[in-house]
Amino acid sequence: MKILLINLPESVDRLKLFSESAKHYSADFSIITAVNGSEDRAICQGYSARANKLNYYKKLTPGEIGCFLSHRKAWSVIFEQKLTFAIVLEDDVMFESSFKQLGEAIDKIKEPWDYIKLNEVHEKRAAKTMYTTNNLSVVKYNKLPIGASAQVISYSGAEKLLKYTESFSRPVDVELQWLSVDKIKAFGIKPYPFKTRKLQSDIDRFGKRNKINGNPIVKFFNLLKFQVHLLKNITH
C-alpha cells in the first residue's frame with residue numbers, strides 16, 4: 001500500500017518520530033511537502049473568505065488553509081498517478097499493531113468506497129459494523145469523526161474530493177464531514193491502525209486557532225444546517 005505523508009520541511013523532529021514508527025512496521029512512505037499557508041497568500045486562492053462567513057463560524061488561519069491545500073496535494077497524487085488507493089497521513093501519527101491487517105480489512109469491503117478513516121483523536125462517534133475480518137471491523141459512522149490525520153483514499157475518492165473542494169471555506173476535516181453525507185462513500189476501520197501523538201500543532205504555528213474570534217450564532221445555525229442535511233439524506 002502506498003503511504004503519503006504530509007510534512008513541512010522544517011518539521012524535522014516530527015518526521016524523525018514518524019520514520020521510527022514506520023520502520024518498526026517495515027512501512028515505506030513518500031513525503032508530500034506540506035503547504036505553508038503563511039508564506040504566500042497567492043497559493044491560498046482556493047480559500048473563499050466570502051463563503052467562509054456563511055459556512056463556518058470563524059475565519060480560517062493560514063495554518064488551516066495550508067493544511068487543506070496540503071491534503072489536496074495528496075489527493076492530486078492519487079488522482080494523477082491513477083492509484084487504486086493510498087494511505088494519507090499527517091506527521092503526528094504513529095503506527096498501531098492493527099496496521100498489519102489493514103490490507104485484509106480493505107479487501108473485505110464489497111461495495112464502492114471513497115474514504116476510510118484510520119484514526120480518531122477522541123473515540124466518541126457511534127459506528128455500525130459493516131464487515132469483519134480477524135480482529136478488525138469496517139464501520140460506518142452516522143457522522144464522520146473530526147480530524148484528518150489518517151485515512152485511506154481511493155482513486156474515485158480523490159477525484160471527487162478534488163472536484164468538490166476547488167473552492168473551500170471550512171477546515172479540511174469539517175469539509176470531509178459534510179462531503180461524507182452525500183458526496184463521498186466513507187467508512188472507518190477499527191481498532192484504528194494509527195494513533196495521534198500529543199505534539200504541538202503545526203497548524204497553530206502560523207496563527208493560534210483559539211485566538212480567532214468565532215460567531216456563536218453562525219456556529220449554531222451551521223450545526224443546525226448540518227443536522228438537517230444529515231436527516232434529509234438519511235430519509236432518502
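A residue that is part of a strand (DSSP E or B), at pLDDT 95 or above and not aromatic (Phe, Trp, Tyr) occurs nowhere in the range 157-167.
Looking at the range 126-169 only, could you name the residues that are touching a residue at least 60 places away in the same chain (Cβ under 8 Å), closer than 24 Å to Val218 by Cβ and crowded, with 19+ Cβ neighbours inside 10 Å?
Residues of the range 126-169 touching a residue at least 60 places away in the same chain (Cβ under 8 Å): 127, 142-143, 148-155, 157-159, 161-162, 165-169.
Pick out the ones that are also closer than 24 Å to Val218 by Cβ and you get 142-143, 148, 165-169.
Those that are touching a residue at least 60 places away in the same chain (Cβ under 8 Å), closer than 24 Å to Val218 by Cβ and crowded, with 19+ Cβ neighbours inside 10 Å: Ala148, Thr165, Phe168, Ser169.
Specify which of the listed residues (Val172, Val181) is among the β-branched types (Val, Ile, Thr) and crowded, with 20+ Cβ neighbours inside 10 Å.
Working: Val181 fails: crowded, with 20+ Cβ neighbours inside 10 Å.
Result of the check over Val172, Val181: Val172.
Let's see how each residue does on (1) in contact with a helix residue (DSSP H, G or I) (Cβ under 9 Å, 6 or more places away or on another chain); (2) aromatic (Phe, Trp, Tyr); (3) modelled with pLDDT under 85; (4) part of a helix (DSSP H, G or I):
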position: Leu199; (1), (2), (3), (4): yes, no, yes, no
position: Lys219; (1), (2), (3), (4): no, no, no, yes
position: Leu223; (1), (2), (3), (4): no, no, no, yes
position: Leu230; (1), (2), (3), (4): yes, no, yes, yes
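Filtering Val77, Val35, Val88 for residues that are over 26 Å from Val139 (Cβ atoms) and outside any helix (DSSP H, G or I) leaves a single hit, Val35. If the condition is being assigned to a helix (DSSP H, G or I), within 21 Å of Ala158 (Cβ to Cβ) and of a type in the set (D, E, K, R), then the range 91-113 contributes only Asp107. Of all residues in the range 114-125, those satisfying the criterion of being surrounded by 10 or more Cβ atoms within 10 Å (Cβ to Cβ) and part of a loop (DSSP other than H, G, I, E, B) are Asp114, Leu118, Asn119, Glu120, Val121, Glu123, Arg125. Quick check on my filter: what residues within the range 41-80 are over 28 Å from Leu17 (Cα atoms) and among the polar types (S, T, N, Q)? Listed by number, the residues that qualify are Gln45, Ser48, Asn52, Asn55.
The values are calculated or read from the model by the stated rules, or taken from the named source; none is laboratory data. On a predicted model such as this, the values are computed, not experimentally measured, just so you know. As a convention, Cβ positions derive from the backbone with ideal geometry for all residues, glycine included, and neighbour counts pool all protein chains shown.
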